[in-house]
Amino acid sequence: MSRPATVKNAETLRDVAGEGYKYGFVTEIESESAPPGLNEDIVAFISAKKEEPRWLLDWRLDAFRHWRQMAEPHWAKLRVAPIDYQAATYYSAPKRQNAPKSLDEVDPELLKTYEKLGIPLNERAALAGVAVDAVFDSVSVATTFKDKLAELGIIFCSFGEAVREHGDLVRQYLGSVVPPGDNFFAALNSAVFSDGSFAYVPPGVRCPMELSTYFRINAAKTGQFERTLIIADKGSYVSYLEGCTAPQRDENQLHAAVVELVALEGAEIKYSTVQNWYPGDAEGKGGIYNFVTKRGACRGANSKISWTQVETGSAITWKYPSCILEGDNSVGEFYSVAITNNLQQADTGTKMIHLGRNTRSTIVSKGISAGRGQNTYRGLVRIQPKAENARNYTQCDSLLIGHKCGAHTLPYIEVRNPSARVEHEATTSKISDDQMFYCRQRGLTQEDALSLIVNGFCKEVLKELPMEFAVEAQKLLAVSLEGSVG
Amino acid sequence: MLEIRNLHARIADGREILKGIDLAVAAGEVHAIMGPNGSGKSTLAGVLSGRPGYEVTEGSVTYLGRDLLALGPDERARAGVFLAFQYPVEIPGVNNMYFLRAALNSVRRARGEADLDAGQFLKAVRAKLKLLEIGEDLLQRGVNVGFSGGEKKRNEIFQMAMLEPRLAILDETDSGLDIDALRMVARGINALRGPERSIVMITHYQRLLEHVVPDRVHVLSGGRIVKSGGKELALELELTGYGAYGDAA
């Protein structure tokens with residue numbers, strides 16, 4: 001008679017792993033799309049569809065001309081299948097007669113989609129205290145709480161509406177942090193962006209609720225190119241949440257967004273992302289290419305920008321939310337959790353550019369690799385000559401689950417002022433069999449044990465998220481790692 | 001409660017460590033298993049608790065009428081088997097209190113009891129903390145992270161007191177404890193003694209047995225139990241040492 005002391009577990013795990021990606025449904029809605037391909041006519045088509053002023057069309061065309069001269073970046077530690085930019089469709093909008101005036105007029109199919117995603121778009125929103133600007137493919141569908149925010153002078157609306165209603169503000173700040181020719185994907189976005197979110201918080205106002213945008217890519221073969229611009233005027237505060245899901249499809253979809261943040265004197269912006277785009281299946285088929293440029297400028301003295309991201313989805317993630325610390329005493333923060341499971345790849349990190357005196361930055365990055373996932377932290381800390389007494393603290397921790405995955409840490413540090421203090425700490429660890437056994441001996445299932453250990457590893461980042469997001473993120477971590485041990 | 005018959009087990013490199021263990025522990029009994037280093041004490045604890053890395057090649061273990069070896073480690077735990085680790089494991093970032101509550105609620109659910117809410121849990125925790133003279137600050141730290149050797153062992157006994165297992169296996173819980181900590185740990189174990197509960201204490205030394213008096217003492221040597229007796233056997237061992245049992249294999 002022969003019997004191993006432990007059996008069982010593998011099967012239990014497989015059962016759970018079968019649960020798969022929960023947001024892989026497709027909404028059947030007639031959409032109005034541009035023909036596939038990209039040229040100046042398409043750019044003009046998008047601009048015309050959105051009834052944009054001439055200056056914006058010119059801005060787009062300028063970006064397009066930049067883009068045509070540029071090449072895809074290949075310095076990241078990523079293997080990307082060739083992208084045919086002429087095969088994609090650059091504009092897709094749900095077809096409708098007139099713009100909805102209230103939620104009652106919104107297509108019920110759309111509302112159902114949001115319900116499945118758990119977005120509090122209706123009255124529940126009030127209880128949850130979340131104002132949602134929901135972006136469905138390219139057009140912003142409904143914006144809640146606008147009136148309440150308007151009383152405080154806060155503008156929170158779709159990007160398209162901002163162009164129409166607050167053109168001067170948009171014109172003043174658009175591209176001021178991420179110029180149209182900044183990089184290949186930012187230039188592409190600048191040429192063809194179709195919608196996104198816009199927020200402006202006036203001087204001295206503390207935004208009383210978390211502003212939230214849910215992005216969702218629905219139509220097949222559509223790239224989503226949204227554009228987010230947030231301006232916190234002097235002495236104001238705003239916290240912004242961004243959540244992302246996408247349907248399950250076999251082909252890869254491109255997502256090239258641009259986010260620009262501007263914090264004026266004494267202002268603070270907190271930007272939190274939970275990214276759960278479809279990661280592709282276990283064999284690496286399908287999934288989102290998430291090539292995103294996010295950057296914030298601490299323009300005024302004593303301003304602060306804090307990025308927090310939990311990246312669990314996408315086949316490939318290429319993003320480096322960054323801070324330009326121009327104002328004296330300004331503060332930049334970057335808290336990140338990135339998970340790669342199965343064949344997912346992530347090359348992510350941040351750039352902290354210190355220009356002003358006494359500027360401080362903190363980087364805490366937690367990379368988790370499982371399956372055959374490849375996870376790279378790439379971060380730049382640059383202290384410019386005028387940045388007296390600049391300080392940076394960087395901590396990069398990698399956690400490996402299994403023995404076919406990879407973790408890489410690539411810090412770049414450039415110091416041009418001798419008064420700077422820059423600290424960098426990095427660790428790599430494996431979840432030990434002893435830790436798993438200890439948890440299981442106390443009665444936790446294998447899945448619960450893994451979730452507990454991983455959440456402990458990510459704790460310093462998760463605690464930066466707003467409460468309701470933190471709970472969602474914890475669940476996502478567990479779901480993303482299902483089937484990775486056993 | 002626990003019946004082990006002709007148990008043989010080997011480790012990954014193929015070496016057979018347990019070479020036919022027979023042991024019966026009735027409900028309410030405390031058994032001490034003593035033996036020299038390398039006699040198979042920790043292997044026995046590992047096999048009973050389902051630690052990966054051991055293969056049972058022969059024999060059976062019945063626990064409360066069930067085939068214990070067919071259960072995964074977490075299933076055994078939820079069925080009431082507790083192992084106090086010789087080397088408790090650190091889990092950074094996981095709050096000790098949170099960990100304990102997750103463990104307790106999973107065990108309670110298996111027993112058909114409702115989860116404890118935060119208030120009830122805290123009340124239960126405070127009572128047990130007092131018994132073991134553990135400060136509340138220990139609960140707010142990461143699981144075993146930065147604990148002294150003595151604190152780790154006391155934390156094990158504290159977890160045991162909270163989880164109220166039917167069968168507790170203590171693997172060298174007394175090693176590395178000073179006399180005060182030993183007394184506290186012993187108090188925790190004694191408080192758990194009861195007609196419905198069995199305790200298996202694995203130890204190298206006799207000194208824990210002065211504080212927790214066993215019903216039976218077994219000498220393990222060369223992967224077999226070579227002698228069994230009452231509590232006086234432990235005293236005898238203290239005088240003669242394990243030399244007499246040498247490598248009985």
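A search for C-beta distances below 6 Å between a residue of segment B:28-39 that is under 16 Å from B:Met1 (Cα atoms) and any residue that is outside any loop (DSSP other than H, G, I, E, B), counting only pairs 6+ apart in sequence or on different chains, returns B:Glu29/B:Ser198; B:Val30/B:Ile199; B:His31/B:Val25; B:His31/B:Val200; B:His31/B:Arg216; B:Ala32/B:Met201; B:Ala32/B:Leu209; B:Ala32/B:Val217.
Listed here are the residues, each with its yes/no results for (1) under 30 Å from A:Leu410 (Cα atoms); (2) exposed (fewer than 11 other Cβ atoms within 10 Å of the Cβ).
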residue: A:Pro35; (1), (2): no, yes
residue: A:Ile46; (1), (2): no, no
residue: A:Trp55; (1), (2): no, no
residue: A:Leu61; (1), (2): no, no
residue: A:Trp67; (1), (2): yes, no
residue: A:His74; (1), (2): yes, yes
residue: A:Leu78; (1), (2): yes, no
residue: A:Asp84; (1), (2): yes, yes
residue: A:Ala88; (1), (2): no, no
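Set side by side, the residues B:Gln140, B:Gln120 differ, and just one is without any contact (Cβ under 8 Å) to a residue 24 or more places away in the chain and more than 20 Å from the chain's Cα centre (by Cα), which is B:Gln120.
If only residues of segment A:423-451 that are out of contact with any Ser or Thr (no Cβ under 8 Å at 6 or more places or on another chain) and within 30 Å of A:Asn392 (Cα to Cα) are counted, the one that is surrounded by the most Cβ atoms within 10 Å (Cβ to Cβ) is A:Ile431. Does segment B:77-85 contain at least one residue that is out of contact with any strand residue (DSSP E or B) (no Cβ under 9 Å at 6 or more places or on another chain) and within 14 Å of chain A (Cβ to nearest Cβ)? Yes, segment B:77-85 contains at least one residue that is out of contact with any strand residue (DSSP E or B) (no Cβ under 9 Å at 6 or more places or on another chain) and within 14 Å of chain A (Cβ to nearest Cβ).
Any residue in segment B:196-214 that's modelled with pLDDT of 90 or more: show its pairings with residues that are surrounded by 19 or more Cβ atoms within 10 Å (Cβ to Cβ) and among the basic types (Lys, Arg) at Cβ separation under 6 Å, as long as the two are six or more apart or on different chains. Once the first residue is modelled with pLDDT of 90 or more and sits in segment B:196-214, its partners that are surrounded by 19 or more Cβ atoms within 10 Å (Cβ to Cβ) and among the basic types (Lys, Arg) give B:Ile202/B:Lys41. Within segment A:382-397, can one find any residue that is touching a residue at least 60 places away in the same chain (Cβ under 8 Å), surrounded by 20 or more Cβ atoms within 10 Å (Cβ to Cβ), over 19 Å from A:Gly300 (Cα atoms) and not aromatic (Phe, Trp, Tyr)? There is at least one residue in segment A:382-397 that is touching a residue at least 60 places away in the same chain (Cβ under 8 Å), surrounded by 20 or more Cβ atoms within 10 Å (Cβ to Cβ), over 19 Å from A:Gly300 (Cα atoms) and not aromatic (Phe, Trp, Tyr).
Of the residues making up segment B:29-56, those that are outside any strand (DSSP E or B) and within 11 Å of another protein chain (Cβ to nearest Cβ) are B:Thr43, B:Ala45, B:Gly46, B:Val47, B:Leu48, B:Ser49, B:Gly50, B:Arg51, B:Pro52, B:Gly53. Taken over segment A:254-272, residues that are at pLDDT below 90 and of a type outside the set (A, V, I, L, M) amount to 1.
Checked against (1) out of contact with any Leu (no Cβ under 9 Å at 6 or more places or on another chain); (2) at pLDDT below 95; (3) not acidic (Asp, Glu), B:Lys41 passes all but condition (1). Note on segment A:290-311: residues that are in a strand (DSSP E or B), crowded, with 24+ Cβ neighbours inside 10 Å and among the hydroxyl-bearing types (Ser, Thr, Tyr) amount to 2. The selection criterion, being within 11 Å of another protein chain (Cβ to nearest Cβ), at pLDDT 95 or above, outside any helix (DSSP H, G or I) and in contact with a His (Cβ under 9 Å, 6 or more places away or on another chain), does not hold for B:Val61. Among the residues of segment B:64-78, just one is outside any helix (DSSP H, G or I) and touching a residue at least 24 places away in the same chain (Cβ under 8 Å), namely B:Leu64. Being within 17 Å of B:Ala24 (Cα to Cα) and either within 9 Å of another protein chain (Cβ to nearest Cβ) or not in a strand (DSSP E or B) (or both): is that true of B:Val89 here? No: the conditions fail for B:Val89. Among the residues of segment B:102-123, those that are over 14 Å from B:Met162 (Cβ atoms) and either part of a loop (DSSP other than H, G, I, E, B) or at the interface with another protein chain (Cβ under 10 Å from one of its Cβ atoms) (or both) comprise B:Arg109, B:Ala110, B:Gly112, B:Ala114, B:Asp117. Annotation: of all residues in segment B:64-75 being facing chain A (nearest Cβ under 8 Å) and surrounded by 23 or more Cβ atoms within 10 Å (Cβ to Cβ), the one that is farthest from B:Arg10 (Cα to Cα) is B:Asp74. Condition check: among the charged types (D, E, K, R), more than 20 Å from the chain's Cα centre (by Cα) and surrounded by fewer than 22 Cβ atoms within 10 Å (Cβ to Cβ). Does A:Lys459 satisfy that? For A:Lys459, the condition - among the charged types (D, E, K, R), more than 20 Å from the chain's Cα centre (by Cα) and surrounded by fewer than 22 Cβ atoms within 10 Å (Cβ to Cβ) - is not met. Being part of a loop (DSSP other than H, G, I, E, B), within 19 Å of B:Tyr63 (Cα to Cα) and among the aliphatic types (A, V, I, L, M) is the filter here; which residues of segment B:1-28 pass it? Within segment B:1-28, B:Met1, B:Ala26, B:Ala27 meet the criteria.
Listed by position, the helices (runs of 4 or more DSSP H) inside segment A:433-486 whose residues that are more than 7 Å from chain B (Cβ to nearest Cβ) and in contact with a strand residue (DSSP E or B) (Cβ under 7 Å, 6 or more places away or on another chain) number at least 2 are A:459-462, A:467-480.
The values are calculated or read from the model by the stated rules, or taken from the named source; none is laboratory data. Fair warning: this is a prediction, and the values are worked out from it, not measured in the lab. All Cβ positions, glycine included, derive from the backbone under ideal geometry; neighbour counts span all protein chains shown.
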